[in-house]
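Input: a single structure, listed below in structure tokens.
The values are calculated or read from the model by the stated rules, or taken from the named source; none is laboratory data. Computed from a predicted structure; not experimentally measured. All Cβ positions, glycine included, derive from the backbone under ideal geometry; neighbour counts span all protein chains shown.
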Amino acid sequence: MRHRSLILAVSTAVSMGFAASVAAKTLVYCSEGSPEGFNPSLYTSGTTFDASSHTIFDRLVQFKRGTTQIEPGLASSWEASADGLSYTFHLRKGVKFQTTKNFTPSRDFNADDVLYSFNRQWLKTNPDYKLSGGTYEYFNGMDMPKLLKSIKKVDDYTVKFTLNTPEAPFLADMAMDFASIMSAEYAAKMRAAGTPNKIDQDPVGTGPFQLTSYQKDAIIRYKANPDYWAGKASIDKLVFAITPDAAVRYAKLKAGECQVMPYPNPADIASIKKDPNITLLQQEGLNVGYLAFNTEKKPFTDVRVRQALNMATNKQAIIDAVFQGAGKIAKNPIPPTIWSYNDAVKDYPYDPAKAKALLAEAGYPNGFTTDIWAMPVQRPYNPNARRMAEIIQADWAKVGVKAKIVTYEWGEYLKRSKAGEHQTVLLGWTGDNGDPDNFMYVLLGCAAANNGANRARWCYKPFNDLLIQAKRTTDIAKRTELYKKAQVVFKEQAPWITIAHSIVYMPMSNKVVGYKIDPFGGHEFYGVDLK
Amino acid sequence: MFKFFLTRVSLVIPTFIGVTLLSFALIRLVPGDPIELLVGERGIDPARHAMLRADLGLDKPLLTQYGIYITNVLHGDLGRSIVTKEPVIKEFFTLFPATVELSLFAIFFAVLIGMPMGVLAAVKRGSIFDYSTMGISLAGYSMPIFWWALLLMLYFSVYLGWTPVSGRISVMFDVEPVTGFMLIDSLLSDDRGAFTSAVSHLILPALALGTIPLAVIARMTRSSMLEVLSEDYIRTARAKGLSPLRVIGLHGLRNALIPVVTVIGLQVGVLFAGAILTETIFAWPGVGKWLVESVRRRDYPVLQGGVLLIATVVMTINLLVDMLYGLINPRIRRK
């Protein structure tokens, strides 16, 4: 009995703690894991970006909250040259870096900080290039070393980027996490003090929240940056309670131990919807799950075979069984949240009879034997590739195509499919910068067709020409037209079976107001308030 | 005793070689490349891939890699994590106190309940109490920890609201990590509620993690007690007219303790294994979860270093347990 009263006393103390917290406006977010570190240019995971670039740092331009549109960030305006080869950014004045226990800024943000942030990732001569193991995977992954010709400081508040080739998505790249702006002054100070690593461990940015403490696998604490250039955040304190298990995150949300949680179990969605204290937001994710035909191998060299198998696949059954409702049929290679999404494109209907006829026309009246590669891991665009492969296998069997399911360890899978060892492969993509180019050129362009991300190994000149044209102009209206045309060509040629876009669910307490789902899959708390 | 100690310690060397070799070889036998995993769908061009592998020293022959690793270990350098780029030893000692705290409480709980349960079951052999406790302990032993932990959490934390769901302390208490042991740190902090909050967070994870050792200890105590109770000296003690409490407590239990203590020592290994699941469910920032994550990401240095450090701890504890025998039973000391 005494034991029970102890627990009761404790839980009362805990709930009193929470009552006090509401007054201090503390928002607790049950995050899914520990960040790899606090410098977003060094790492690639969304968990790290949530903890660093979405809270502590800003970029020259940024995505308008909840959209993929670009708006001014640390640059209040910019212009691109007519040839698309140079971008001039005019920096915002009076922006202050955060004051932390290690650092009190002596000057405002200026062009030196922009130069430092990019040069550290780009130039081997930068003193901090090798710091913290410096590999800058995103900077390299987005081909910046090839693209950048020079970055020049025009004056304290003007920076000019010159490119080697015109690349319209460059502006969107500047809104990506790796392009976060660090303080050159802080870096110099820490270097002088002999503790250069501090800039990556105790980060200083210009963002809405500043880091106050971090305990690995347990908790990250932030406080609102009082000097934030766009106005102080509505919540005073932001806490990430690191909770790796989805069922436990939901339990914590129900018990009031946190107010927002990411990545609920699909199986819990129904019960979350019924809970009167919880609001469930949902949106299509910025991703696409697909099956790519190896168009270099017979019989997939024949467009009729690819079209036939498109018709033989029952996508709705996949959405129901594999996504359990948390997905939407994909008809284009880009998700509907991206500009230039062509809604006029008509998907292949599920029609086994027609598929069989088309196969016969292509010379395969009795079908053929092939393989379907299924990923060994859960991805946002495909929660269960094995199950998906089984459904496709059964569908194809109905039109006489006998497929064997093949799988490898994830790293191996990526490597072998890149080398084109497959006949057909299940894979997907999550967008980086919200630009259609980031899906279509990266995944279907000729440049990636030979041992690149283009798993269909599909190099089709009419399609590729449209993409190249779209890269060369910065006029959004013109680009939209070109990408819309490209989607029509893509559907006709059917190098993929576009399968699904996932649906992202965000359960949160009713007390949370103003939360917007980030189409990039991140989690942001500036602009969020508590009732 | 000293000679015994020396023989035991000398056994540590082959164990050390075995552990390093195994952890080194096993993780490399599993297909997968840390760099491919890091870049995912995006991919990486072959030249850059080769450069990164060379940076990590993965381009050298395996035997050379092992040689470098062992040399570094002997110099006290366990390397840096491929993922976070932090020194392995630093990460380990940030997380290890949490695992120790949880394991200590789990074993404390298991012994506190399990031993009396076993003794009583032995004394009341064949009674309903005997059958029911042994039945329950068998169930406890067979229970999947993650399921049991979730069940406990849903009932006590979500349904009844008695205990907090997960974590080591309420997020309202910003306790400075001095020792890494939350109970001690919370006492050191000025916050009054911090200590009670830390205790309340410890109850369910310790219960979940302690369930299997409890079952094992209860069953071991019972069978060992039964054996001892049929010994001549127990009959003699009874014949001398000693009170049943003295017969069971002093002559019975003390003699029955040796196998029980061995089992408790061995349970330390079981605890670390169980901690992996318990830590993940209760969001407990310990080394178990850290190691699992390192396997998933092929973070070779973390896995090798972590396994080596844990093996060292388990070996040390078992050595101490062996030393304990002598204290409990003088007959062993004389041998």
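Among the conditions (1) among the polar types (S, T, N, Q); (2) over 23 Å from B:Glu41 (Cβ atoms); (3) within 14 Å of chain B (Cβ to nearest Cβ), A:Thr480 misses just one, which is (3). Of everything listed in (1) assigned to a loop (DSSP other than H, G, I, E, B); (2) more than 14 Å from chain B (Cβ to nearest Cβ); (3) over 19 Å from A:Arg191 (Cβ atoms), the single unmet condition for A:His90 is (1).
Looking only at residues in segment A:65-84 that are among the hydroxyl-bearing types (Ser, Thr, Tyr) and under 17 Å from the mean Cα position of the chain (by Cα), which one is surrounded by the fewest Cβ atoms within 10 Å (Cβ to Cβ)? Can you show your working first?
Step one: list which residues in segment A:65-84 are among the hydroxyl-bearing types (Ser, Thr, Tyr), which gives A:67-68, A:76-77, A:81.
Going one step further and asking which of them are under 17 Å from the mean Cα position of the chain (by Cα), we end up with A:67-68.
Details: A:Thr67: 14, A:Thr68: 21.
In this case the residue turns out to be A:Thr67.
Among residues of segment B:250-272 that are on the phi < 0 side of the Ramachandran plot, those with a Cβ under 7 angstrom from a residue that is of a type in the set (Gly, Ala, Ser), sequence gap 6+ or separate chain, pair up as B:His251/B:Ala237; B:Ala256/B:Ser224; B:Pro259/B:Ser224; B:Val260/B:Ser224; B:Leu271/B:Ser103; B:Leu271/B:Ala106; B:Phe272/B:Gly288.
In segment A:23-64, what count of residues is obtained for those that are assigned to a loop (DSSP other than H, G, I, E, B) and within 14 Å of the chain's Cα centre (by Cα)? Break it down stepwise before answering.
Applying the first criterion (assigned to a loop (DSSP other than H, G, I, E, B)) to segment A:23-64 yields A:25, A:30-45, A:52-60, A:64.
From what's left, within 14 Å of the chain's Cα centre (by Cα): A:40, A:43-45, A:53-54.
Looking only at that region, the number is 6.
The helices (runs of 4 or more DSSP H) found wholly in segment A:128-235 and carrying at least 1 residues that are touching a helix residue (DSSP H, G or I) at 6+ places or on another chain (Cβ under 8 Å) and within 12 Å of chain B (Cβ to nearest Cβ) occupy A:137-141, A:144-147, A:198-201. Residues of segment A:384-410 that are surrounded by fewer than 22 Cβ atoms within 10 Å (Cβ to Cβ) and touching a Gly at 6+ places or on another chain (Cβ under 8 Å): A:Gly400, A:Lys402, A:Glu409, A:Trp410.
Scanning segment A:1-28 for residues that are at the interface with another protein chain (Cβ under 10 Å from one of its Cβ atoms) and modelled with pLDDT of 90 or more, we see that the one that is surrounded by the most Cβ atoms within 10 Å (Cβ to Cβ) is A:Val28. Restricted to segment B:274-308, and to residues there that are of a type in the set (Asp, Glu) and closer than 21 Å to B:Leu29 by Cα, the residue that is nearest to the other protein chains (Cβ to nearest Cβ) is B:Glu293. Every condition in (1) under 30 Å from B:Gly252 (Cβ atoms); (2) in contact (Cβ under 8 Å) with a residue 60 or more places away in the chain is met by B:Gly126 except one, and the failing one is (2). B:Leu207 meets all of the listed conditions (1) more than 7 Å from chain A (Cβ to nearest Cβ); (2) more than 20 Å from B:Ala275 (Cα to Cα); (3) out of contact with any helix residue (DSSP H, G or I) (no Cβ under 6 Å at 6 or more places or on another chain) but one, namely (2).
Being farther than 26 Å from B:Phe96 by Cβ and over 26 Å from the mean Cα position of the chain (by Cα) is true for just one of A:Gly194, A:Gly207. Which residue is that?
Values: A:Gly207 fails: over 26 Å from the mean Cα position of the chain (by Cα).
Answer to the check: A:Gly194.
Of the helices (runs of 4 or more DSSP H) lying entirely inside segment B:43-160, those containing at least 1 residues that are more than 14 Å from every other protein chain (Cβ to nearest Cβ) span B:62-74, B:88-123, B:128-142. Pairs linking a residue in segment B:65-91 that is closer than 16 Å to A:Pro35 by Cβ to a residue that is of a type in the set (Ser, Thr, Tyr), with Cβ atoms under 7 Å and 6 or more positions apart or on different chains, are B:Ile82/B:Tyr300; B:Lys85/A:Ser132; B:Glu91/B:Ser81. Of the residues making up segment A:363-406, just one is under 25 Å from B:Leu38 (Cα atoms) and in contact with a Lys or Arg (Cβ under 7 Å, 6 or more places away or on another chain), namely A:Ala374.
Scan segment A:443-453 residue by residue and report those that are closer than 19 Å to A:Asn382 by Cα and either without any contact (Cβ under 8 Å) to a residue 40 or more places away in the chain or surrounded by fewer than 22 Cβ atoms within 10 Å (Cβ to Cβ) (or both). It would help to see each step written out before you state the result.
Going through segment A:443-453, the residues closer than 19 Å to A:Asn382 by Cα turn out to be A:443, A:453.
Within segment A:443-453, just A:Ala453 meets the criteria.
Checking the structure you have, find out if any residue of segment B:176-199 is at the interface with chain A (Cβ under 8 Å from one of its Cβ atoms), modelled with pLDDT of 90 or more and either under 23 Å from A:Asp245 (Cβ atoms) or buried (at least 24 other Cβ atoms within 10 Å of the Cβ) (or both). Working first, answer last.
Initial filter on segment B:176-199 (at the interface with chain A (Cβ under 8 Å from one of its Cβ atoms)): B:177, B:193, B:196-197, B:199.
Subsequent filtering for residues that are modelled with pLDDT of 90 or more retains B:196-197, B:199.
Cutting the leftovers down to either under 23 Å from A:Asp245 (Cβ atoms) or buried (at least 24 other Cβ atoms within 10 Å of the Cβ) (or both) gives us B:197, B:199.
Checking segment B:176-199: at least one residue is at the interface with chain A (Cβ under 8 Å from one of its Cβ atoms), modelled with pLDDT of 90 or more and either under 23 Å from A:Asp245 (Cβ atoms) or buried (at least 24 other Cβ atoms within 10 Å of the Cβ) (or both).
Going by the structure shown, is A:Tyr290 aromatic (Phe, Trp, Tyr), within 14 Å of chain B (Cβ to nearest Cβ) and not in a loop (DSSP other than H, G, I, E, B)? Considered against the rule, which asks whether it is aromatic (Phe, Trp, Tyr), within 14 Å of chain B (Cβ to nearest Cβ) and not in a loop (DSSP other than H, G, I, E, B), A:Tyr290 comes out as yes. Of the residues making up segment A:97-120, those that are under 28 Å from the mean Cα position of the chain (by Cα) and in a loop (DSSP other than H, G, I, E, B) are A:Phe97, A:Gln98, A:Phe109. The residues on offer are A:Val425, A:Val401, and the sole one that is within 14 Å of chain B (Cβ to nearest Cβ) and under 30 Å from A:Gly363 (Cα atoms) is A:Val425. Filtering segment A:472-502 to residues that are buried (at least 19 other Cβ atoms within 10 Å of the Cβ) and of a type in the set (A, V, I, L, M, F, W, C) leaves A:Leu482, A:Ala486, A:Phe490, A:Ala494, A:Trp496, A:Ile497, A:Ile499, A:Ala500.
For the structure I just gave you, tell me whether A:Ala111 is over 17 Å from A:Tyr214 (Cβ atoms) and either in contact with a His (Cβ under 7 Å, 6 or more places away or on another chain) or free of Cβ contacts under 8 Å to residues at least 12 places away in the same chain (or both). Judged against the criteria, A:Ala111 is not a match. Taking first residues from segment A:201-212 that are free of Cβ contacts under 8 Å to residues at least 12 places away in the same chain and closer than 22 Å to A:Val61 by Cβ and partners that are assigned to a loop (DSSP other than H, G, I, E, B) and of a type in the set (Lys, Arg), no Cβ contact under 8 Å between residues at least 6 apart in sequence or on separate chains turns up. Of the helices (runs of 4 or more DSSP H) contained entirely in segment A:429-531, those carrying at least 2 residues that are within 24 Å of A:Leu147 (Cβ to Cβ) and of a type in the set (Lys, Arg) fall at A:461-472, A:476-493.
Taking segment A:101-125 as the range and being of a type in the set (Ser, Thr, Tyr), surrounded by fewer than 18 Cβ atoms within 10 Å (Cβ to Cβ) and within 16 Å of A:Pro203 (Cα to Cα) as the test, only A:Thr104 passes.
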